[in-house]
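Please read the structure below before turning to the comments.
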């Protein structure tokens, strides 16, 4: 057989056997480290959360782990070294070995007054562990008390919150949470330095629910917080009269009196009411107006004195008190 023909036969023979190259070594199944460990002190507990990384160092997806090793240990003096820390750190049991987001709550027992470092690692199906996750450092403080005595009142400027501060800790603030009607989750609307808060970002006709937490800022990135207070809800209804009109002046003309005053700033202003009195008589309702801050009274008589006052009315009929009366003599 010619050499070229023999080479062709050999090539066909190898192709027919499915030859694809040298066999690959078995996968090590080493999980990639957790990247999002996070934690906070809440009351007398520490809440930790993380999401296990489902991929291995060989970019293979795992279905579960054989172990999740979560540890908490005091920050070591003289320079931190992760293996020294791990040898003395407390192991926190994790029974859920699935590749899903995890949240665990552990008591602060034995940790109060200390700086504690937390880390987690996962173990794959062949017993090989990932590296340690990102480190979370928390300075644990005595448990903060739950705020109490929350009351919620509607005012013309918004919803006013007030609560007791008899169990507050030095240096703490109060975090205000709100759930507005139509929203799915409560949100933080501010941190109060004292035991009151005005929520001015409100709309009439909506129901608002409020809760509080006492919060202590440990450093720029870390807070300790209390458990949340009981929720208090309020339907914010417009029961508030417009402001009393100001700046009323009267100018007498020939058989007439011109009245002018400052325009009210309420967006739901509907009208003004003019009150008038002749001589020493009591003020009585005299005229209903639109929203223009002026009026001409042509029903006056020369030689007589008149007193005038103005009240404001909103769209729901809420009416202010009359302003201070002004007196004028008609020539």
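The values are calculated or read from the model by the stated rules, or taken from the named source; none is laboratory data. Here the structure is a predicted model, which is why all the values come from computation and not from measurement. All Cβ positions, glycine included, derive from the backbone under ideal geometry; neighbour counts span all protein chains shown.
Computed quantities for the displayed model
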quantity: Residue check, residue 289 within 47 Å of the chain's Cα centre (by Cα), surrounded by 12 or more Cβ atoms within 10 Å (Cβ to Cβ) and either in the same structural domain as residue 253 (by TED's automatic domain parsing) or more than 30 Å from residue 205 (Cα to Cα) (or both); calculated: yes
quantity: Residues that are on the phi > 0 side of the Ramachandran plot and either in contact with a helix residue (DSSP H, G or I) (Cβ under 6 Å, 6 or more places away or on another chain) or loosely packed, with under 13 Cβ neighbours inside 10 Å (or both), drawn from region 240-286; calculated: 247, 279
quantity: Total residues in region 140-157, condition modelled with pLDDT under 95 and outside any loop (DSSP other than H, G, I, E, B); calculated: 1
quantity: Residue check for residue 313: within 30 Å of residue 204 (Cα to Cα) and surrounded by 12 or more Cβ atoms within 10 Å (Cβ to Cβ); calculated: yes
quantity: Among the residues listed as 94, 82, 47, the single one being farther than 22 Å from residue 139 by Cα and either outside the structural domain of residue 223 (by TED's automatic domain parsing) or surrounded by 15 or more Cβ atoms within 10 Å (Cβ to Cβ) (or both); calculated: 94
quantity: Sole exception among (1) in a loop (DSSP other than H, G, I, E, B); (2) under 43 Å from the mean Cα position of the chain (by Cα); (3) more than 30 Å from residue 138 (Cβ to Cβ) for residue 331, by number; calculated: (2)
quantity: Checklist (1) without any contact (Cβ under 8 Å) to a residue 60 or more places away in the chain; (2) on the phi < 0 side of the Ramachandran plot; (3) more than 20 Å from the chain's Cα centre (by Cα) applied to residue 149, failing item; calculated: (2)
quantity: Single condition residue 71 does not satisfy, out of (1) at pLDDT 95 or above; (2) surrounded by 15 or more Cβ atoms within 10 Å (Cβ to Cβ); (3) under 19 Å from residue 125 (Cβ atoms); calculated: (3)
quantity: Candidates 121, 128 - the one that is assigned by TED's automatic domain parsing to the domain that holds residue 54 and under 30 Å from residue 109 (Cα atoms); calculated: 121
quantity: Failed item, numbered, when residue 110 is tested on (1) touching a residue at least 60 places away in the same chain (Cβ under 8 Å); (2) assigned to a loop (DSSP other than H, G, I, E, B); (3) under 22 Å from residue 39 (Cα atoms); calculated: (1)
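Listed here are the residues, each with its yes/no results for (1) buried (at least 19 other Cβ atoms within 10 Å of the Cβ); (2) assigned by TED's automatic domain parsing to the domain that holds residue 268; (3) under 26 Å from residue 41 (Cβ atoms).
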site: 171; (1), (2), (3): no, no, yes
site: 185; (1), (2), (3): no, no, yes
site: 199; (1), (2), (3): yes, no, no
site: 202; (1), (2), (3): no, no, no
site: 212; (1), (2), (3): yes, no, yes
site: 224; (1), (2), (3): yes, no, yes
site: 227; (1), (2), (3): no, no, yes
site: 230; (1), (2), (3): no, no, yes
